[in-house]
Amino acid sequence: MKFKPDWFLFGMILATALAALWPDPGASGSWLHPELVTKGGVALIFFLHGLALSFTALRAGALNWRLHVFVQLCTFVLFPLIGLLLNRVLGGRVAFELTLGLFFLCALPSTVSSSVAMTAAAHGNIAGAVFNATLSSLIGIVVTPLWIAWVMKTTGEPVPIGPVILDLLKWLVLPLAVGQALRPWLAPWAARHKSRISVVDRLTILMLVYTSMCDSFKQRVWSGHGSGQIVAIALVCAALFALVMVLTAAASRALGFTREDRIAAIFCGSKKTLASGVPMAKLIFGAHPGLGMILLPIMIYHPLQLIVCGVLAQRWGREA
């Protein structure tokens with residue numbers, strides 16, 4: 001498996017540049033109606049996720065409980081604890097929105113498609129990767145906003161968790177359930193048009209990235225925050241990824257996992273989802289003017305994990 005440039009990565013750069021040059025259409029109250037585009041886009045993304053989610057594929061790996069507990073603890077306990085430590089270290093040195101975005105990155109669930117694909121390429125435990133990546137997505141719908149609400153409360157900017165959970169249920173869980181309910185009839189169609197559905201999914205995410213950035217640029221949230229802070233956050237994201245990769249590899253080896261389970265644990269336990277992260281951020285933070293800055297860490301982390309894990313998958317696949 002060789003890493004190839006992904007048009008989606010270039011699309012994120014283009015969406016950000018477009019928001020900087022032409023923020024008016026995507027800003028709150030504009031003719032594009034971002035508040036409606038956001039909720040419709042989120043619903044579409046999770047409907048497609050529900051359509052693609054095969055619970056029958058989970059059965060093969062469901063009994064490997066040690067692997068599942070390990071991965072979920074890495075995703076929703078280890079990562080957030082590191083995020084809290086980073087926030088304490090960086091507090092006052094970089095913009096609040098960037099440190100909040102860094103913690104938001106740490107609280108997100110794992111990826112699904114890329115974790116499974118890279119585990120398969122490295123000849124790891126595919127069933128375990130499918131189970132954990134899917135379970136992580138479902139747990140994250142509840143745990144991620146709870147982590148964010150707790151952190152915001154401690155910083156004096158509380159998030160009303162009730163409306164957030166209600167929005168998540170309406171715009172994430174319900175479309176996911178509808179997609180899953182329609183699988184018996186639409187699964188063959190979805191399989192035939194998998195590549196086109198993926199394109200629609202990614203274009204919708206890019207639209208959400210654009211509207212997220214527009215308010216930040218229009219309200220000049222970035223002014224006063226030099227490029228040095230962005231470089232610092234990029235370096236912190238790289239260090240975070242390296243640290244979690246080392247910790248998951250060492251811990252899975254110490255626990256006596258097989259080679260296949262170690263590969264699944266490393267890939268599922270170290271990755272964070274941009275595909276679910278952007279929609280969740282739009283619902284959790286609403287019209288926060290600094291939403292673009294909050295999303296920056298996951299937008300940096302996403303290509304980093306794809307490149308590094310792609311290289312590792314290729315190497316481990318050859319060794320197998």
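Remarks
- All positions within segment 254-279 that are farther than 19 Å from Thr16 by Cβ, assigned to a helix (DSSP H, G or I) and aliphatic (A, V, I, L, M): Ala254, Ile263, Ala264, Ala265, Ile266
- Scan of segment 1-50 for residues that are over 17 Å from the mean Cα position of the chain (by Cα) and among the hydroxyl-bearing types (Ser, Thr, Tyr), ordered by number: Thr16, Ser28, Ser30
- Looking only at segment 67-120, and only at residues there that are closer than 27 Å to Met213 by Cα and touching an Asp or Glu at 6+ places or on another chain (Cβ under 9 Å), the one that is surrounded by the fewest Cβ atoms within 10 Å (Cβ to Cβ): Phe96
- Against the conditions (1) farther than 18 Å from Leu44 by Cβ; (2) surrounded by fewer than 17 Cβ atoms within 10 Å (Cβ to Cβ); (3) polar (S, T, N, Q), Ser195 satisfies every one except (1).
Residues checked against (1) more than 23 Å from Lys39 (Cβ to Cβ); (2) crowded, with 22+ Cβ neighbours inside 10 Å; (3) of a type in the set (D, E, K, R):
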{"site": "Gly256", "(1), (2), (3)": "yes, no, no"}
{"site": "Ser270", "(1), (2), (3)": "yes, yes, no"}
{"site": "Pro289", "(1), (2), (3)": "no, no, no"}
{"site": "Leu306", "(1), (2), (3)": "yes, no, no"}
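- Condition check for Trp150: surrounded by fewer than 15 Cβ atoms within 10 Å (Cβ to Cβ), modelled with pLDDT of 90 or more and not in a loop (DSSP other than H, G, I, E, B): no
- Filter result (of a type in the set (Gly, Ala, Ser) and touching a Gly at 6+ places or on another chain (Cβ under 8 Å)) within segment 79-128: Ala95, Ala107, Ser110, Ala121, Ala122, Ala127, Gly128
- Lys282 being modelled with pLDDT under 95, crowded, with 16+ Cβ neighbours inside 10 Å and more than 18 Å from the chain's Cα centre (by Cα): no
- Residue that is assigned to a helix (DSSP H, G or I), closer than 30 Å to Ile263 by Cα and touching a residue at least 24 places away in the same chain (Cβ under 8 Å), where the choices are Leu44, Leu51, Leu85: Leu51
The values are calculated or read from the model by the stated rules, or taken from the named source; none is laboratory data. These figures come from a predicted structure and were not determined experimentally. Because the Cβ atoms are built from the backbone with ideal geometry, glycine has one as well, and the counts that use them run over all protein chains shown.
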